[in-house]
Ligand code: NDP
């Protein structure tokens, strides 16, 4: 075993010890480390400076109590988190997730991935993530507001437009960002670009709502070009029916594909005629209903009460847009069996390591999340720029920049895969390109943390 290899193994053991009982974080670190040996061989100075030793431990992890009062006057208590991982190339940046599954291991895996994803965008943003085990499902609008206000009563101490700029993620959309922003403004008496994903009426960016889904499709189209293909005429399977899924469906359809599925954590719908997106938008964005209602209102649509089976639907392209580890080995094999030749990730870490092995050994074109879903944070970066100059850009201007950034990420990842001796392996390429940028900045700044 080379000295670089044994160095990486030693660090993985450290992670297993210091982050025991955090399997998602261990998985995210192992996936990055798997790719980095060629870069470390070329740059022994990164090993000497302990770049990775430093990156596996966040700059800080903040955990706090969030007490709030429900509509029945009962006191409820949840846990809030913010993990600030690395600010070598810009203020900490990353979303907030409100979901009962949130704990330290989830925010750490997301924050760690965010370091490299944000570096790939070429914008000045560092890596962070946060959230709470609060479950927004079934809560009234006033309960959501009171929770967001209580969450911000603590979070405001640690964030700021030049320090840390949170955004949305699962369970946190424009409504929640509005309540969080309102409370921050009240506490600091300051109107600033401290959060992104804001509504347009108070200087959110046009195209931010669409950005992750649209960016995913721009990235997928670049991947398809390498095989002389495009979205046109392709059958697409999408999981999830939230922000990323809806706008991935919209852009893939605009590019000529037929999207036949959408899901939520209860089940999936299969519409052989192509998803009626206007209905899904109303169902999810306005009425906040369940995807099952789609089957109850559309002829010829099948509803299956098991979301993990969505991958058995035959398709050319799969876009997982729900959550982590939603595709395991068995699901990946089902995709191969159903004729799928492209998997591009909208969700963060939706494929288990075993699923990725299935993709690679079957010649599937694989777009890893930290490259393919970077459009959301990239457009958040563009929202920060607009807020700083107190100007708003047109939808077309933002979208053209988003497309350019996604094409740039594809080419940077592809070129880095070639340099690493793994041509076309975009997972290796994205990890190497993102790491190189962060490591170079850390070297220049000395050993500060
Ligand atoms: P939303 O909350 O808008 O939607 C999430 C969707 O995924 C819902 O349909 C939800 O179903 C489903 N889902 C969530 N958890 C599970 C689960 N455990 N099992 C099955 N389905 C589940 O979130 P987003 O669309 O914003 O985020 C989706 C993914 O994309 C996440 O991985 C997120 O980290 C990632 N992402 C989001 C970005 C953004 O800009 N929003 C940027 C980059 C990545 P249900 O309603 O039943 O919970």
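All of the numbers you see were taken from the coordinates with simple rules; none came from a lab. It should be emphasised that the depicted structure is a prediction, and the values quoted were computed from it without experimental measurement. Cβ atoms come from the backbone with ideal geometry, glycine included; neighbour counts cover every protein chain shown.
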Completion exercise
In a Gaussian network model of the chain with springs linking alpha carbons closer than 10 Å, the residue among 34, 296, 221 that fluctuates most is 296
Problem - Antiparallel DSSP beta bridges within the chain, as percent of all bridges there, nearest 5 - result: 55
Fill in the blank from the handout: Comparing 145, 406, 262 in a Gaussian network model of the chain (Cα, 10 Å), the one with the largest mean-square fluctuation is 145
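Looking at the square roots a ≥ b ≥ c of the eigenvalues of the Cα gyration tensor of segment 1-95, which shape do they give, rounded for a/c under 1.5, prolate if a/b is larger than b/c, or oblate? Spell out each step's value before the answer.
Details: a/c = 3.71, a/b = 2.38, b/c = 1.56.
It comes out prolate by the Cα gyration axes.
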Completion exercise
Heads up, segment 309-388 by the C-alpha gyration tensor (a ≥ b ≥ c square roots of eigenvalues; a/c under 1.5 rounded, else a/b over b/c prolate, else oblate) looks prolate
Exercise for the section: Return the whole-Å distance between the Cα centroid of segment 137-177 and the Cα centroid of segment 250-303. Expected result: 28
Exercise for the section: Counting helices only, and only those DSSP H runs with n ≥ 4, report the 222 nm mean residue ellipticity of the chain as the sum of -39,500 (n - 2.57) divided by its residues, in deg cm²/dmol to the nearest 500. Expected result: -15000 deg cm²/dmol
Problem - Neighbour-count order for 66, 75, 165, 244, fewest beta carbons within 10 angstrom listed first - result: 75, 66, 165, 244
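Please state, as a whole number in µm²/s, the translational diffusion coefficient that the Stokes-Einstein equation yields for segment 205-244 at 20 °C and 1.002 mPa s, with Rh defined as the Kirkwood radius across alpha carbon pairs.
187
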Problem - 23 Å tail of the calculated P(r), segment 102-209, as % of Cα pairs - result: 27
Problem - Relative exposure of 292, 117, 337, judged by other C-beta atoms within 10 Å (fewest first) - result: 337, 292, 117
Fill in the blank from the handout: the chain: relative contact order from alpha carbon pairs under 8 Å, six or more residues apart, as a whole percent, is 16
Practice task
When a/c is below 1.5 the answer is rounded, else prolate if a/b is larger than b/c, else oblate, so apply that to segment 332-449 with a ≥ b ≥ c taken from the square roots of the Cα gyration tensor eigenvalues.
Solution key: oblate
Practice task
For each of 184, 179, 268, count neighbouring Cβ atoms within 10 Å of the residue's Cβ, then give the residues from fewest to most.
Solution key: 179, 184, 268
Handout entry: Among 97, 60, 175, residue whose mean-square fluctuation peaks in a GNM of the chain (springs only between Cα atoms under 10 Å)
Key = 60
Practice task
Give me the percent of Cα-Cα pairs in the chain that sit more than 36 Å apart, rounded to a whole number.
Solution key: 23
